Amino acid sequence: MITSFNEISGSNNWSILKQINKGWSNDKKYYIKTVDKKELLLRVSKISEYENKKKEFESLKHLTNMDILMSWPIDFGTCNEGQLVYSLLTWINGEDAEIILPKLSNEEQYSLGIKAGQYLMQIHKIPAPEKLSSWEERFNRKIDIKIANYKACSIHLHGADRMIKYIEDNRILLQNRPQSFQHGDYHVGNMIITPEGELAIIDFNRMDYGDPWEEFNRIVFCANISPAFATGYINGYFHNEVPDSFFRLMALYIGTNQLSAIPWAIPFGEAEINTMLKQAQNVLKWYDDFKTYIPNWYITNHKSIL
């Protein structure tokens, strides 16, 4: 099928349209440069995604008044004779954080982590819809499904029983948890470091609503790259006053997410399965087989980094 973007306002002023083949999203992404040198990001999906993409675009508008460096929403609509839905956003220049962070000093990594935490705290100021079911009900259902899917899959993880025991023993922590807007996939893979050394956030396409602390289930990808960044990310979110209950809940969310990663990886083949098995073993080491709830990569004396 030949894709036409002629119906998008301003498309006659595009001088460059280049597809971006990165990330796990089902969206098709394009880099755009206009004749007057403006740089834009175009995200395109099937028309069946219209309502989801409209919700995502409207949610991004709530962030425009916040002090967050990110791709700002510009335009939304349909194109290609109504067969596709598009979102047009500003472009962020820079390189992937997961590539740049290891090249920086621990102090610089920690400072960027602080910024990531501060950004996330702002994102979580957007409230969840009032009619949403309680988080305890919603996430307990998720736990049940994820444990069942793990037990039913053909690949079993050494140490999963200890992970499951921690989850079962700590379900009580889900009671009375607040809910807010969530980025949905907040980690270094969806962060950019600009040429000026600033942190920017991208890819809100998995946005959702839920316990704001659940966002930290993806911190495993940050900790793998930079413990200093991951530590700063937590401290920046809590202004260096991290409650004990946070670490207990983060361990529950990471454990639950790790269990579900095994059956998730199977359709993607052996390489992805091995990646997730290795990650699960790392998680077990971080938590000493879940005998503790503070991961060993967390730097308790952060002043030693500075």
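The values are calculated or read from the model by the stated rules, or taken from the named source; none is laboratory data. Since this is a predicted model, take the numbers as computed values, not measurements. Note that we place each Cβ from the backbone using ideal geometry, even for glycine, and neighbour counts take in every protein chain shown. Ligands, DNA and RNA are excluded from the accessible area calculation, which covers all protein heavy atoms including side chains. Shrake-Rupley method; radii C 1.70, N 1.55, O 1.52, S 1.80 Å.
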The stretch 136-224 - Rg over Rh from alpha carbon coordinates, Kirkwood radius: 1.04
Carbon plus sulfur fraction of accessible area for the stretch 11-90, probe 1.4 Å, in percent: 46 percent
Extended-chain gain in nm, criterion 0.36 nm per residue less alpha-carbon gap, Ile20 and Asp67: 14.2 nm
P(r) histogram, all alpha-carbon pairs of the stretch 77-140 included - 10 Å bins from 0, percent: 14, 22, 26, 30, 8, 0
Built amide H within the under 5 Å cut-off of Ile126, gap 5+: Phe181
Summed residue charge, Cβ within 15 Å of Asp211's Cβ, Lys/Arg positive, Asp/Glu negative: +3
Accessible surface, 1.4 Å probe, highest first, among residues Glu272, Glu7: Glu7, Glu272
Among (i) 5, 17, 22, 22, 16, 9, 4, 3, 1, 0, 0, 0; (ii) 6, 29, 39, 22, 4, 0; (iii) 6, 25, 32, 25, 10, 2, 0, the entry derived from the coordinates for P(r) over Cα pairs in 10 Å bins from 0, in percent: (iii)
Stretch gain in nm, segment Asn12-Ile99, where the contour uses 0.36 nm per residue and the Cα spacing is subtracted: 27.8 nm
Low-density loop positions, chymotrypsin sites (Phe, Trp or Tyr not before Pro), the stretch 1-96 - DSSP coil, at most 13 other Cβ in 10 Å: Trp24
Average accessible area per residue (Å²) across the chain - probe 1.4 Å, nucleic acids and ligands excluded: 50 Å²
Contact order normalised by residue count of the chain, Cα under 8 Å, 6+ apart, percent: 19 percent
Cα-only radius of gyration and Dmax that characterise the stretch 107-150, units Å: 16.4, 43
For Trp213, solvent-accessible area (1.4 Å; no DNA, RNA or ligand), Å²: 30 Å²
Cα principal axis extents for the stretch 151-195, largest first, Å: 45, 33, 17
Under the Karplus curve 6.51 cos²θ - 1.76 cosθ + 1.60, θ = phi - 60°, whole-Hz ³J(HN,Hα) for the stretch 29-39, x wherever Gly or Pro sits: 10, 9, 8, 10, 10, 8, 4, 9, 6, 6, 10
Per DSSP, loop trypsin sites (Lys or Arg not before Pro) in the stretch 212-306 with at most 14 further Cβ within 10 Å: Lys291
Heavy-atom accessible area order for Val35, Val44, largest first, 1.4 Å probe: Val35, Val44
Charge sum, other residues only, whose C-beta stays under 15 Å from Glu58's C-beta, Lys/Arg counted +1 and Asp/Glu -1: 0
Net charge over other residues, Cβ less than 9 angstrom from the Cβ of Ile20 (K, R count +1; D, E count -1): +4
Over 27 Å (Cα to Cα) - which of Lys46/Lys125; Lys22/Lys103; Lys29/Lys55; Lys33/Lys115; Lys53/Lys142 fall in this group: Lys46/Lys125; Lys33/Lys115
Dimensions in Å of the stretch 11-90 - Rg and Dmax from alpha carbons: 12.8, 37
The stretch 5-57: trypsin sites (Lys or Arg not before Pro) falling in loop per DSSP and having at most 16 other Cβ within 10 Å: Lys22, Lys37, Lys38
Extension gain, Arg171 back to Phe221 (0.36 nm per residue minus Cα-Cα distance, nm): 15.6 nm
Nitroxide proxy distance, nm - points 7 Å out along Cα→Cβ at Gln83 and Ala152: 3.6 nm
Estimated inter-spin distance, Lys303 and Glu241, nm [label 7 Å along Cα→Cβ]: 1.8 nm
The stretch 152-306: radius of gyration over Cα atoms, expressed as a fraction of 2.2 N^0.38 Å: 1.06
